[in-house]
Amino acid sequence: MKFFGMNLAIILAGTVSAFTPSSFNVATSSSSSSFSSALYMSADSMEPLRIGTRGSPLALAQAYLTRELLMKKYPELKQDGAIEICVMKTQGDMILDKSLMELGGKGLFTKELDTALLNKEVDICVHSMKDVPTWLPEGTVLPCHLEREDTNDAFISGSEDIKSLDDLPDNAIIGTASLRRQAQLMAKNPTWRCVNFRGNVQTRLRKLDDGEVDATLLAIAGLKRMDMAGCATTVLDWDEMLPAVAQGAIGIQCRDDDDRSLKYIVGLNHGPTKACVDCERAFLEALDGNCKTPIAGQARIVDGKIKFRGLIAMPDGSITYKTESEGEIADAVAIGRAAGEKLKAEAGEKFFQMMVEMSPQQVLGQLTKK
């Protein structure tokens, strides 16, 4: 059946041109083989501010949002040729037939951007923060987080009769490449089977529409940024599905000695978002989790306090450790770090050693065994 009666051919037309104002031209950059294309305004005498981004429809939407905010705040960036958007492919974009765990996890969507930044092929990079490792390459900083979108996950059903997770029958097939989602799903119903589901949002929705799976989960933030929130059957709250660390947050990175870029992006920083993301990333760093460890962590500011919730689990959802804490916003990093250390102590060294020693095939075997 067509997904909610929508013509997916329209959704799948999410090409570069769909995110390019009519005044823009499209050309191929010769400055680096890592660039698949470059989108830029007409030439001008001023040195352009070059924004590095992946080429997926969501990544482009985030890059153009950044461009729009820069132009709104800094009049000089409204000039023709003042901003150039440089699009490149990452390893994570190019290899879609394997899970992120099998490819090595974090850094798959940032390495090529890091290289372009350090080689001065771009001036700033726009990232989905959940894809950014807790460490940054030497010589770079990430001082800016744009105001965060809704952080929750969206449940998307392939059947109009299934309105929520609770409506899924035993033995349902759910498409997701996220171990975090898989572990929480299987903790709810061990009979559900999770299958690797990669590709951009449009590709995943097409697979759902083709009946490859019964349902899938996506970040509602990404759907909203592409004006596709209507695809969601329902939005899951934290009790149903705790989101990933830094989900829904956009970060902007630059070289630490680039005063011009620093001036521009620091001016876009949203303090409350940065405090929450810093808390969550401190939690992740304290756990020192690898790509085979399901980890979720979210912070929010309520009544002037930062409240954090986190969990770690076995990939099959058979064991879960959870924690909650709160404190002063100024102590965000310390709160996140303490929460990570607490769960690390509760789970014990054996838990994490088992995660390290377990092969990707063994993890996937846990998730698909029936």
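The values are calculated or read from the model by the stated rules, or taken from the named source; none is laboratory data. All values reported here derive from a predicted model rather than from experimental measurement. These accessible areas exclude ligands, DNA and RNA; they are computed on the full protein's heavy atoms, side chains included. Shrake-Rupley method; radii C 1.70, N 1.55, O 1.52, S 1.80 Å.
Tabulated data
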| read-out | value |
| --- | --- |
| Aspartates and glutamates with Cα under 20 Å of Lys78, excluding same-chain neighbours fewer than 8 positions away | Asp44, Glu47, Glu68, Asp123, Asp259 |
| Amide H contacts under 5 Å for Leu136, placed H, 5+ residues apart | none |
| Other-chain or far-sequence residues with amide H under 5 Å of Ala177's (modelled H) | Phe197 |
| Listed residue pairs exceeding 24 Å between alpha carbons, taken from Lys307/Lys344; Lys130/Lys292; Lys72/Lys263; Lys188/Lys305; Lys120/Lys263; Lys73/Lys111 | Lys188/Lys305; Lys73/Lys111 |
| For the stretch 122-191: rounded, prolate or oblate by the Cα gyration tensor [a/c cutoff 1.5] | prolate |
| Phi-based couplings in Hz for the stretch 230-240 (Karplus 6.51, -1.76, 1.60; Gly and Pro marked x) | x, 6, 6, 6, 7, 9, 8, 7, 4, 5, 8 |
| Under Karplus coefficients 6.51, -1.76 and 1.60, residue-wise ³J(HN,Hα) of the stretch 303-317 in Hz, glycine/proline x | 6, x, 10, 9, 10, 10, 9, x, 8, 10, 8, 6, x, 8, x |
| Karplus 3J(HN,Hα) series, Hz, for the stretch 49-54 with 6.51 cos²θ - 1.76 cosθ + 1.60 (x for Gly, Pro) | 8, 9, 9, x, 7, 5 |
| Sequence-distant aspartates and glutamates (8 or more away, or on other chains) whose Cα lies within less than 20 Å of Lys342 | Asp278, Glu280, Glu285, Asp288, Glu324, Glu326, Glu328, Asp331 |
| The stretch 124-273: C-alpha gyration tensor shape, a/c 1.5 cut-off, then a/b vs b/c | prolate |
| Cα-Cα separations in the stretch 219-297 greater than 17 Å, expressed as whole percent | 62 |
| Accessible area of the stretch 125-262 belonging to carbon and sulfur atoms, whole % at 1.4 Å probe | 41 |
| 5 angstrom amide H check on Gly81, placed H, neighbours 5+ away | Met41, Ser42 |
